[in-house]
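Quick notes on the structure that follows.
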Amino acid sequence: MVVQKPWLPVDLRLPAGPQASLGILAFEAAAAMSKLLSLHRSLSDQEVSRLRSDAMRSPGVAYLNSTDQAFLLRLACAELVVSLDAAAAAVARLGLRCGLDFGGVYACLKAGAPDARLDPLVAKGLRVKAKKMERLVAATAKLCSEMEALDELESAERKMSVRGWSRLSGPIPQHPQAAAAAAAAAQQQQQQLAGDSPGAESLRQELKTQQLKVKRLKEESLWNQSYKKAVGLMARAACAVFVRICSIFGPFVPGLPPPLPSATTDSVQTRLSKLLHLRSGKAKASSGPITRRDGPSRVHPPVTSNSCPIIGRPPPGQHKSPTNWRKLLDAPPSTVGGAGLDQQYANVIVSAEELLRMEAEGRQEEAAAERAEMYEMLPAKLRAAVRSKLREWWRDPGPLDEALARGWKDAVDRIMAWLGPMARDTVQWQAERNMDRTRRFDGAPLAYVLQTLRWADKDKADAAIVEVLVALSCVCWYEERRRGSVRLG
């Protein structure tokens, strides 16, 4: 007698083996790989130069956020480390399925353990592997969209089959011979119906083509890549990105482990191979110095420490408490982000920019609708401040002429020249952190939080937005009055 074993669900947490393919987890691996590519591009010489010369020294950042270069560097470094921690956590989860303890490797790397420090020479290995990672991410993103299209075609085919059988439904004859004859006739009619229905053959051909396309993309993407190859590629990239962060920000930001005092390419590669149990190629990197310039600080971030590393555990005997980088990114209550208004303020400023374009192009009806919608987005406190200032102005408006309207317009343009970019960067920064399906495979360089309204002084931001809205209202009123006088004339 054969005893039938009860059905047991598959435990997805169990290791799959180094040579097993990723399968459905290819999409998680592609998202992590895309984030590593984004960090790699954000740390290129060109992007670091742009951060230092444009972002940190822009008029909006200097006026609303801070002029303290050391503080802004800490913000940028903390954001990069937190993003890298998220990607490293995904790599560590995948590594457990093939027996690779990348969580421990990454913890040693962050703690600055002597046997885990890596020289910046490893960064060149990331650049050499970046093209391969880009190809794999692009193929996996294409596979995701094509599999969705395949699901839609299969659903359409099922609906067509159900409609065909529903047309043949009817009472079942009681007599056996009559029932058999009716079933044969129904089957014949179903075959004729399926063959003659418009679009049926075209749908089947499209479905077959789509299945072949999905099969080909599975071969080219991470779907058929082994755990060992995919995790090894991402593990080396994560280590190289962290080493690059240390080489760029280490001399200016406390809390990062120092680079090795002296190391040859071979010794670095040997250590890395030993840690990851994977083969390694030669690598090398270089980075330019960042000139430190201190200035008055308007916002003082909370600098705290945490005794627990983000991933894994430090090696035995390591008692150094790593910096809590995530805590450094918490905006204080005196800032726009601390009040939870950064996204709302950004939307108001972007709407004001759109309103200016509509007025310049003569789209009055659209401008009126945009202005009404923009005022609805304002918090109650800002709406009251705008109304109060407008009432104060209307008590003694003076001559409502073209020169006054031009002065308002110039004032709006001057403020929006530095306020508008910060609002657009805020929208981009928020979109990058929303893990929706349209952006999870986007490996473009990151927008830094120091460029956004999140760390902006709330009182200064409120005053700037009120000035813009009051001036915009005056400009719109002048334009409406001018157009009315032209029509009457």
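Could you tell me the extents of the stretch 336-390's C-alpha atoms along the three principal axes, largest first, rounded to whole Å?
Extents along the principal axes: 38, 23, 14 Å.
Find how much the distance from D45 to A380 grows on full extension, using 0.36 nm per residue of separation minus their present alpha carbon separation; answer in nm with one decimal.
Length gained between D45 and A380: 116.2 nm.
What length, rounded to one decimal in nm, is gained on full extension from S53 through to E148, with 0.36 nm per residue of separation minus their alpha-carbon distance?
29.9 nm
State the extension gain, in nm to one decimal, for the chain segment bounded by L203 and D330, taking 0.36 nm per residue of separation less the distance between their alpha-carbons.
40.4 nm
Which aspartates and glutamates have a Cα less than 12 Å from the Cα of K389, not counting those fewer than 8 places away in the same chain?
E467
First measure r as the distance between the Cβ atoms of R481 and A70, then evaluate 1/(1 + (r/R0)^6) with R0 = 41 Å and state the FRET efficiency to the nearest 0.05.
0.20
Just to confirm, what accessible area per residue do you get for the stretch 71-111 at 1.4 Å probe, in whole Å²?
Averaged over the residues of the stretch 71-111, the accessible area is 21 Å².
Say each of E219 and Q430 gets a label point 7 Å from the Cα, pointing the same way as Cα to Cβ; how far apart are those two points in nm?
Modelled inter-label distance: 4.5 nm.
Within the stretch 440-482, which residues have the backbone N less than 19 Å from the label spot 7 Å out from D410 along Cα→beta-carbon, could you tell me?
467-476, 478-479
Quick one: of K159/K215; K159/K218; K129/K215; K142/K458; K131/K215; K110/K131, which pairs are farther than 31 Å apart, Cα to Cα?
In this structure, K142/K458 lie more than 31 Å apart at Cα.
Put D457, D85, D151 in order of accessible area, largest first, 1.4 Å probe: what do you get?
Sorted by accessible area, descending: D151, D457, D85.
For the pair S161/R357, report the inter-label distance in nm, with labels modelled 7 Å from Cα in the Cβ direction.
If labels sit at S161 and R357, their model points lie 4.9 nm apart.
The values are calculated or read from the model by the stated rules, or taken from the named source; none is laboratory data. Bear in mind the structure is a predicted one, so any value in this text is a computation, not a measurement. Cβ sites come from the backbone with ideal geometry, for glycine too, and all protein chains shown count toward neighbours. Note: areas computed on protein heavy atoms with side chains; ligands, DNA, RNA excluded. Shrake-Rupley method; radii C 1.70, N 1.55, O 1.52, S 1.80 Å.
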